[in-house]
Amino acid sequence: MPEPEESHNGVQPEPNPQSLTDQNPNPQPDPQSNPEPVHAAQARSEPEPRSEADPAVNNDADLSETAIRSNHTVDANPPAQPQLRKDEGNRTFTMRELLNGLKNESEPDKEDSNSPRTHQSQQQQQQQTQQNNAAMELINSVVGADEEGRSRQRILTFAARRYATAIERNPDDYDALYNWALVLQESADNVSPDSTSPSKDALLEEACKKYDEATCLCPTLHDAFYNWAIAISDRAKMRGRTKEAEELWKQATRNYEKAVQLNWNSPQALNNWGLALQELSAIVPVREKQKIVRTAISKFRAAIQLQFDFHRAIYNLGTVLYGLAEDTLRTGGSANAQEVSPNELYSQSAIYIAAAHALKPNYSVYSSALRLVRSMLPLPHLKIGYLTAPPAGKSLAPHNDWKRSEFILDHERLQQVPKGEQRQVPQTLAGRSTDAANGDKKTIKVDIADIVSVSACADLTLPPGAGLCIDTIREPVYLVADSWESLDGWLDAVRLVYTIYVRGKSDVLAGIIAG
C-alpha cells in the first residue's frame, strides 16, 4: 500500500501546523510500492482511512475490505444501509537501506573482533540460543507467494541471521532486537495466503516479543512502539470481534499512545491510533462505544492539524463521523439540543470525504464514498452554518453589535449571507435560526486565496464563546462559533478548502459541489 516518503526517523516531513501558507503547493505523489523490510531508524506504519491501509490507484489493492456498519436500524424492516470502506492508512515503511546493504554483504555470520561482547552465564547463553533458533525456524519456513516474494524472503532470512549473531554477542543490543522484530514483521507480510506453516500470527507474536525486549532496553524508542502497535493490530484483525481481539486492540492503542508521547509530531501515528480506537469501538459494549469514537475523532483531527493535506486522516475522520451519525440515528437522534444531530454528522462526514477526494481524485475508494455522501452536502455549497459576527469592517465593535448570522463556504470563499437573502436552512444543518444577521447589505467576505492562517482564538475583545480568527493578507477576520465543537468543524472546513486551493485542486472541489 502507498506509504509516505521516508525520512531519517521514518516519518515523512509535515507542514507547519501554525501557518497554512507554509504548505508546498506542488507536493510529490505518494509512492505506491508494496511494503518492504525496514531499517532501525525507520518506522513501520499501519492501516489508514481507516489508516491502516492506503487507498491505492490500482483498484485499491492495498485497502481493507472492512466497512463502517450499523448493527441496528430504526425501522423494523430497514433498507440495506450504505457502507463506507475505511482507508487502510499506512502500512510498514520500507527497509530499503537495510535491504540494499544486505544485498551487498557476503559474510553475515562473520564477527567483528572489535564489537562489544556482553558476559552471560551458560544458562543465559543457552536460553538466548533457543530463542534465536525458534525465531530462525519461523523465518526459514516462510516461502513467498511468487518469485519476487521468495527473493525478498531470502534477504530477510539473511538479515535475521545477522541480528541473531549480534544479539548472541550482545543481548542488550536494542537496535538488533528492533531490526529483528522488523524482519519478523516483514516475513509475516510475506507469508503466502494459502500457506499454513508458519502461521502469520506466530511470526507477528515473535516480532512483538522482540519489540518488547527492545523497548525495555530503550524506553524512548518510539519507532519500536509504533511498529509494535501495528503488529498487535494485525494480530487483532485475525481474531474478528472477540474478547481476545478487544484486548489486543486496547494494547495497540496503548502502544500508539506511547509512540505519540515520544514523538508527538507524527500524523501517521495519530491516524493509526484513531483507526485502532475505531476498531475497538466496534467490539466494546455500547455504553463505552461513544466515548471511544469521540477519542478516535480527536486523534484523526490532531493528525490533520499536523498535516493539513493528510488525505488518509481526512477520509478516516469522514468515515468515523458517518458511523457516529448512523449510531445516533439508530438510538433515536440527539438526546438534547446541545448534541449534534444525525443530519449534521452526515453533512460533516461528507465534507471530509469530499476534501479527501479533491486531494486524491484518482483514489477509487474516495470516489465511491463520495457518491454515497455527496447528497448530504448543502449543495451548491460545501458548508452552511451560523457564526456570530461584528458589523462588516468593524471587528472591534462593542459586543452588543455582534449578531449571529448565516455563513456559506464553497471552493472560493467564506461569505456572510445578507439577512434578506438567507436561505431557509434546516435546523439540523445550520443550527439555531434565531438572532439572524442585521439587514445591512454590506457583509463579511473572505476569499480563500487571501487566507494566511486559520486558528481558534480567545480574546477579551470578542463576545464570549468559541473564537475563530481568519488572518488574511488584508486584515484578520474575527468570528465566534456557537460551540467549541462547531468551531472545530469550521476550522477544519476552512483549512481544508485552503489546502485544496494551494494544491491546485480547487476545480475538483468545485465540480463536487457544483455538480
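Close contacts from the range 278-292, counting a first residue that is modelled with pLDDT of 90 or more and a second that is open to solvent by 30 Å² or more (accessible area, probe 1.4 Å), with Cβ to Cβ under 7 Å and a gap of 6+ residues or different chains, come to 280/250; 281/289; 282/241; 283/241.
Taking the condition part of a helix (DSSP H, G or I) and out of contact with any helix residue (DSSP H, G or I) (no Cβ under 7 Å at 6 or more places or on another chain), does residue 348 pass?
Details: part of a helix (DSSP H, G or I): yes; out of contact with any helix residue (DSSP H, G or I) (no Cβ under 7 Å at 6 or more places or on another chain): no.
Taking the combined requirement at face value, the residue does not satisfy it.
As for the range 456-463, it holds at least one residue that is open to solvent by 10 Å² or more (accessible area, probe 1.4 Å), out of contact with any Ser or Thr (no Cβ under 6 Å at 6 or more places or on another chain) and among the β-branched types (Val, Ile, Thr). Note on the range 460-491: residues that are under 21 Å from residue 415 (Cβ atoms) and either hydrophobic (A, V, I, L, M, F, W, C) or part of a strand (DSSP E or B) (or both) total 18. Every condition in (1) of a type outside the set (D, E, K, R); (2) part of a helix (DSSP H, G or I); (3) closer than 15 Å to residue 488 by Cβ is met by residue 358 except one, and the failing one is (3).
Here residue 328 passes the criteria (1) surrounded by fewer than 20 Cβ atoms within 10 Å (Cβ to Cβ); (2) assigned to a helix (DSSP H, G or I); (3) without any contact (Cβ under 8 Å) to a residue 24 or more places away in the chain except the one numbered (1). Restricting attention to the range 371-394, report how many residues are open to solvent by 40 Å² or more (accessible area, probe 1.4 Å) and polar (S, T, N, Q). Counting residues in the range 371-394 that are open to solvent by 40 Å² or more (accessible area, probe 1.4 Å) and polar (S, T, N, Q) gives 1.
Quick grid of which residues meet (1) open to solvent by 10 Å² or more (accessible area, probe 1.4 Å); (2) part of a helix (DSSP H, G or I); (3) under 20 Å from residue 235 (Cβ atoms):
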position	(1), (2), (3)
248	yes, yes, yes
251	yes, yes, yes
255	yes, yes, yes
265	yes, no, no
270	yes, yes, no
273	yes, yes, yes
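More than 23 Å from the chain's Cα centre (by Cα) and either within 20 Å of residue 293 (Cβ to Cβ) or of a type in the set (A, V, I, L, M) (or both) - does that describe any residue in the range 213-222? Show your work before the answer.
If we filter the range 213-222 for residues that are more than 23 Å from the chain's Cα centre (by Cα), which is where we start, we get 213-219.
Next, only the ones that are either within 20 Å of residue 293 (Cβ to Cβ) or of a type in the set (A, V, I, L, M) (or both) stay: 214, 217.
Checking the range 213-222: at least one residue is more than 23 Å from the chain's Cα centre (by Cα) and either within 20 Å of residue 293 (Cβ to Cβ) or of a type in the set (A, V, I, L, M) (or both).
Here residue 368 fulfils each of the conditions (1) surrounded by fewer than 24 Cβ atoms within 10 Å (Cβ to Cβ); (2) modelled with pLDDT of 95 or more; (3) touching a helix residue (DSSP H, G or I) at 6+ places or on another chain (Cβ under 9 Å); (4) in a helix (DSSP H, G or I) apart from (3).
Restricting attention to the range 197-212 and to residues that are of a type in the set (Asp, Glu) and modelled with pLDDT under 95, the residue that is surrounded by the fewest Cβ atoms within 10 Å (Cβ to Cβ) turns out to be 201.
Of the residues that make up the range 162-170, is at least one surrounded by fewer than 21 Cβ atoms within 10 Å (Cβ to Cβ), among the small types (Gly, Ala, Ser) and either modelled with pLDDT under 80 or in contact with a strand residue (DSSP E or B) (Cβ under 7 Å, 6 or more places away or on another chain) (or both)? No, that holds for no residue.
Return a yes/no flag: does the range 183-193 have any residue that is part of a helix (DSSP H, G or I), charged (D, E, K, R) and open to solvent by 30 Å² or more (accessible area, probe 1.4 Å).
At the first step, the residues of the range 183-193 found to be part of a helix (DSSP H, G or I) are 183-189.
Checking the rest, the ones that are also charged (D, E, K, R) come to 186, 189.
Checking the rest, the ones that are also open to solvent by 30 Å² or more (accessible area, probe 1.4 Å) come to 189.
So far as the range 183-193 goes, yes, one or more of its residues are part of a helix (DSSP H, G or I), charged (D, E, K, R) and open to solvent by 30 Å² or more (accessible area, probe 1.4 Å).
Among the residues of the range 379-403, which ones are touching a residue at least 60 places away in the same chain (Cβ under 8 Å) and not aliphatic (A, V, I, L, M)? Matches in the range 379-403: 380, 381, 383, 385, 386, 388, 390, 395, 399, 402.
The values are calculated or read from the model by the stated rules, or taken from the named source; none is laboratory data. As the structure is a computational prediction, the values presented were derived from the model and not from experiment. Using ideal geometry, Cβ is built from the backbone for each residue, glycine included, and neighbour counts are taken over all protein chains shown. These area figures cover heavy atoms from the full protein model, side chains too; ligands, DNA and RNA do not enter into them. Shrake-Rupley method; radii C 1.70, N 1.55, O 1.52, S 1.80 Å.
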